[in-house]
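Read the structure below first, then the notes.
The values are calculated or read from the model by the stated rules, or taken from the named source; none is laboratory data. In this text the structure is predicted, and so the values were computed from the model without any measurement. When we count neighbours, we look across all protein chains shown, and the Cβ atoms used for this are built from the backbone with ideal geometry, even at glycine.
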Amino acid sequence: ALADTHVARYIERGFTSLMFSFGCTGGQHRSVYSAQHLAEHLHEKFGVEVQLVHREQQISTCFPAIACRG
């Protein structure tokens with residue numbers, strides 16, 4: 001609910017960039033799950049492009065997948 005409120009306000013105000021960060025020891029468990037879940041949720045609910053970066057694993061994913069293709 002907190003993320004939804006902020007994303008809705010950012011969209012209303014015309015902003016195009018917003019970052020959410022998660023962390024846990026080693027960045028391998030809860031933070032990865034939470035970030036993945038939030039990215040999927042925001043894309044599905046708001047139709048926004050989301051770039052998900054797992055810094056510790058050096059992995060980047062986009063929702064929709066075509067969003068990050070150059």
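In the range 1-49, the qualifying residues are those that are assigned to a helix (DSSP H, G or I) and of a type in the set (D, E, K, R), and the one that is modelled with the lowest pLDDT is ARG30. Number of residues in the range 37-64 that are surrounded by fewer than 16 Cβ atoms within 10 Å (Cβ to Cβ), farther than 17 Å from ALA3 by Cβ and in contact with a Ser or Thr (Cβ under 9 Å, 6 or more places away or on another chain): the value is 1. Look through the range 16-35, keep the residues that are surrounded by 13 or more Cβ atoms within 10 Å (Cβ to Cβ) and free of Cβ contacts under 8 Å to residues at least 24 places away in the same chain, and return whichever of them is farthest from ALA1 (Cα to Cα). My answer is CYS24.
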